[in-house]
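Only one structure is covered here, and it is reproduced in the block below.
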Amino acid sequence: MPDLPLARVLEALGSTLLDVVCGDLARAVGGVVIHDPLDEPELPDNALVLGVGLREPAEIARVVTELGERGAVGLVVRGPVVADEALPEAARAAGVAVLALARGASWTHLAETLRALTRDGAGLGRIRSGDLFAVAGAISALLDAPVTIEDRHSRVLAFSNRQEEADPSRVRTILGRQVPRDYTEILEERGVFQAIYRSGRPVFVAPLPETGELPRAAVAVRAGDEILGTIWVVVPEPLDEERGAALYEASKLVAMHMVWQRADEDRERRLRADLLTAALAGGPGASEAVRRLGLKDEPAVVLALTVAAPASQPPPPAHLAAERGRLADAFALHLSAAHPRAVVALIDDIAYGILPLPHNGQEAEERAAQIAADFLTRITPRPQPEPNPLTHAAPGPLTAAGAAPPAPAGPGPSATAGVGSLALVGVGPLAPDSSALDRSRSGAERALRVLRAGVLPGRRVARLDDVHVDALLLELADRIPRGDLPSGALARVAAYDAEHQTSLVETLRCWLEAFGDVVAAASAMYVHPNTFRYRLRRAAEVGGLDLTDPAARLSAMLQLRLISIRSAPES
């Protein structure tokens, strides 16, 4: 148990949840207990006691005196507390601080928060993400207004009650857990987000008469110089100095929660990635990793997803990494809807998923491929509608006087990397049990490599069985030095084409792909069959190629296919 003074606890929590009524804050907190007048609990040394149900000042003073005799450091009661002369005197004599818990805040949330702080030290505890809802409720009670807490992309992390008092945009926000795009576009155009991010205090956002939105106060949530998100409060007018200061203090508590939440998520992702890596690698540790992932020894398919950026217009590496992380989270949610024990983790630039499927081999693989295709359909960006002049009015004054002026337009909180349409998924063969997951992973990677190689334009999902030959050709191409293709007869034909500006190599290719059907091959090249026959004879003469020899035909066909694979634009 760290030696954590009560003052440090209050500093970590801010003034949103707890307020000091009276008493000394210098003593260290040794533990947290709940007061029960019918069955007094054993108190640890230097206990901080939660006085649930204590209301009257005289009763509070009596309990403070008793707690002082038992070595407690503080008593928390529900606010507001009217401190008469007896209470401060009792607190001074007992050496016990009296704190008030804000109305609307949860005792359970407070207990968990205090225990985390006193267990791990201020700033080192770990708070569940659901606790942000309790914080939103406390802020709402403090400011007497509906509240939402949002991240940098205007996704709703938590909200208070009383949202029905707000406007249609807020209702849509709560239902969709995302601020409507048309509303964020107006805020971006008018520089509201830039003003909020530049200001150290709450910013008043004036109403939008063209959309019927109510006014709001917003404050940035910061961790040092990093913007983590925003808090939005529906208010009829700008906050006065006292309420503005309260919202600003609340943003510090929200920042602490968001940092802890992110640290928890990062730790969980690393652990899941390590376990998934072990499970997919096979070997002696695979079965234990499978068990810890919550999987059973059952048939499953491994899927491999990546975001492949086009070489012609690659996005910034940071955007691509963020997009991969976002898609990995969405992929995990999608697979969990198909099977509750599905597991996904991002390993390097590939999100691997293990999807249990109680089917036979081909049926399971087809089912997995369909699930992957459904996912890619969902994430593919849809064409944006034309701007509505009623909702996209010309920029005008939106923030209150004193707020920072609008900044030049730039990527707003709802901007994305814009590479979702390039997501690709390889589907491995069915693994009958956990010991075969490494084989399924290898198959998924080989199928994904074929998609990334660009030899199947337009294809975004592939089973290994569907692209097995292409996978073998890619592996064969890896073993042949680039200077060795083309070689032999085909090299002589290619050299003749380069010197005389002819198309004998293409003629040979069309003939081989048409299985010797001259009419079909000539049609593919848009030439007369007699012209095609002449070119084919000329290719055989130049290259010294015996077209009646199966081995010679196979050599030429393989070389042409490998050259085609190497020249395909990789994603």
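The values are calculated or read from the model by the stated rules, or taken from the named source; none is laboratory data. Only a predicted model underlies this, so the values are computations on that prediction, with no experimental measurement involved. Every residue, glycine as well, gets a Cβ built from its backbone with ideal geometry; the counts of neighbours run over all protein chains shown.
What the table shows:
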read-out: Hits in segment 24-44 (condition: acidic (Asp, Glu) and in contact (Cβ under 8 Å) with a residue 12 or more places away in the chain); value: Asp24
read-out: Test: residue in segment 491-508 that is assigned to a loop (DSSP other than H, G, I, E, B), in contact (Cβ under 8 Å) with a residue 40 or more places away in the chain, more than 48 Å from the chain's Cα centre (by Cα) and surrounded by fewer than 17 Cβ atoms within 10 Å (Cβ to Cβ); value: no
read-out: Hits in segment 528-571 - residues which are polar (S, T, N, Q), part of a helix (DSSP H, G or I) and either over 16 Å from Phe515 (Cα atoms) or touching a Leu at 6+ places or on another chain (Cβ under 7 Å) (or both); value: Asn530, Thr531, Gln559, Ser564, Ser567
read-out: From Arg115, Arg119, Arg62, residue being more than 23 Å from Ile231 (Cα to Cα), basic (Lys, Arg), at pLDDT 90 or above and out of contact with any Phe, Trp or Tyr (no Cβ under 7 Å at 6 or more places or on another chain); value: Arg62
read-out: All strands (runs of 3 or more DSSP E) inside segment 198-241 with 1 or more residues being within 19 Å of Leu132 (Cβ to Cβ), at pLDDT 90 or above and among the aliphatic types (A, V, I, L, M); value: 216-223, 226-234
read-out: Sole exception among (1) touching a residue at least 40 places away in the same chain (Cβ under 8 Å); (2) in a helix (DSSP H, G or I) for Pro429, by number; value: (2)
read-out: Long-range neighbours under 7 Å by Cβ, at least six apart or interchain, first residue without any contact (Cβ under 8 Å) to a residue 60 or more places away in the chain and farther than 11 Å from Ile354 by Cα within segment 279-300, second hydrophobic (A, V, I, L, M, F, W, C) and surrounded by fewer than 18 Cβ atoms within 10 Å (Cβ to Cβ); value: none
read-out: Residues within segment 84-99 that are under 26 Å from Glu112 (Cα atoms) and either part of a loop (DSSP other than H, G, I, E, B) or free of Cβ contacts under 8 Å to residues at least 24 places away in the same chain (or both), tallied; value: 2
read-out: Filter result (at positive phi and either surrounded by 13 or more Cβ atoms within 10 Å (Cβ to Cβ) or under 56 Å from the mean Cα position of the chain (by Cα) (or both)) within segment 512-571; value: Phe515, Gly516, Tyr526
read-out: Segment 142-170 residues that are more than 13 Å from Val254 (Cβ to Cβ), paired with ones that are of a type in the set (A, V, I, L, M) and part of a loop (DSSP other than H, G, I, E, B) (beta carbon under 6 Å, 6 or more apart); value: Ala145/Val235; Pro146/Ala166; Ser154/Val179; Asp167/Leu214
read-out: Boolean, Leu472 is within 25 Å of Gly282 (Cβ to Cβ), at pLDDT below 90 and out of contact with any strand residue (DSSP E or B) (no Cβ under 6 Å at 6 or more places or on another chain); value: yes
read-out: Failed criterion for Ala521 (all others in (1) in contact with a Cys (Cβ under 6 Å, 6 or more places away or on another chain); (2) in a loop (DSSP other than H, G, I, E, B) hold); value: (2)
read-out: Residue list for segment 465-490, restricted to those being hydrophobic (A, V, I, L, M, F, W, C) and either in contact with a Leu (Cβ under 6 Å, 6 or more places away or on another chain) or buried (at least 17 other Cβ atoms within 10 Å of the Cβ) (or both); value: Val467, Ala471, Leu473, Leu474, Ala477, Leu485, Ala489, Leu490
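To keep it simple, each residue is scored yes or no on (1) of a type in the set (Val, Ile, Thr); (2) closer than 27 Å to Gly137 by Cβ.
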site: Gly23; (1), (2): no, yes
site: Glu42; (1), (2): no, no
site: Asn46; (1), (2): no, no
site: Thr65; (1), (2): yes, no
site: Val76; (1), (2): yes, yes
site: Val81; (1), (2): yes, yes
